[in-house]
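The values are calculated or read from the model by the stated rules, or taken from the named source; none is laboratory data. Because the structure is predicted, anything quoted here is derived from the model rather than measured. Using ideal geometry, Cβ is built from the backbone for each residue, glycine included, and neighbour counts are taken over all protein chains shown. Please note that ligands, DNA and RNA were not included when accessible areas were found on the heavy atoms of the full protein model with its side chains. Shrake-Rupley method; radii C 1.70, N 1.55, O 1.52, S 1.80 Å.
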Amino acid sequence: MKKSILFVLAAALLTCSSAFAQNSSTQNDVTPKKLSYNFIMEFGNYFGSKTVGLTGVAINSLSIKDQNLIGIGVGYEMDVNDQTAIPLFFNFRHYFDRPERKVTPLVNLAAGARLCFTDRHAWTEIYDPITGYYTSFDESYTEFIPGLYASMTAGFKAKAFSLTSGFFCKSGSEGFATGIEVKVGFTF
């Protein structure tokens, strides 16, 4: 319950911060801009070795000639291992130039750190010599584990909507996990 509330709050925070983002497509001329700001939000699932989960990321980036985006991203992840993670990463995107089409192919690379928080439980049994019984109790605590985050995806962009899928490599409480992620995104 706590994790789902935290995920909803993180999604609301990312959504509210997009209200302050500038729209990069407000000019009427056809010439490409040399430098502009983009705010990208992506949500999706990831499936892989040792992990299955949900992810949401927000990327603040600068667009160079509307084709290359360089930015810094932050996200929030939850997976089946009772693990919550916050990836902090550098992001590079390249949009392939296709002026005759409304759908633009893209390549997305991300690399950085991953801050993992895992709930741990330690069962402790204490022997009571008077009664002759063992008393056990659960000691719960949260463990912090720093890790690595990397992804390489490809997909397409149609106006503000994007769909990407590709490979990821993450580390956390279960060691390194690799797999496939699928994300739906919006550019502001």
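In region 147-188, how many residues are farther than 13 Å from GLY44 by Cα and acidic (Asp, Glu)?
Qualifying residue count, region 147-188: 1.
Residues in region 29-38 that are assigned to a strand (DSSP E or B) and over 15 Å from THR187 (Cβ atoms): how many?
1
Identify all residues within region 125-134 that are open to solvent by 50 Å² or more (accessible area, probe 1.4 Å) and in a loop (DSSP other than H, G, I, E, B); write none if there are none.
PRO129, ILE130, THR131
Suppose we filter PHE137, PHE176 for residues that are within 17 Å of GLY48 (Cα to Cα), assigned to a strand (DSSP E or B), open to solvent by 60 Å² or more (accessible area, probe 1.4 Å) and not aliphatic (A, V, I, L, M); which single one remains?
PHE176
Considering each of LEU115, LEU106 in turn, give the residue that is of a type outside the set (Ser, Thr, Tyr) and over 24 Å from GLY155 (Cα atoms).
Step by step, each of LEU115, LEU106 is checked, and only LEU115 is of a type outside the set (Ser, Thr, Tyr) and over 24 Å from GLY155 (Cα atoms).
What are the residue pairs meeting all of these: first residue in region 132-146, first residue over 15 Å from THR118 (Cβ atoms) and modelled with pLDDT of 80 or more, second residue open to solvent by less than 70 Å² (accessible area, probe 1.4 Å) and assigned to a strand (DSSP E or B), Cβ atoms under 9 Å, and 6 or more apart or on different chains?
TYR134/ASP128
Do any strands (runs of 3 or more DSSP E) lying entirely in region 39-124 carry at least 3 residues that are over 22 Å from ALA177 (Cα atoms) and open to solvent by less than 20 Å² (accessible area, probe 1.4 Å), and which ones are they?
Output list reads 51-64.
Determine which member of the set THR124, THR104, THR84, THR118 is over 18 Å from ALA150 (Cβ atoms), under 12 Å from the mean Cα position of the chain (by Cα) and in contact (Cβ under 8 Å) with a residue 12 or more places away in the chain.
THR84
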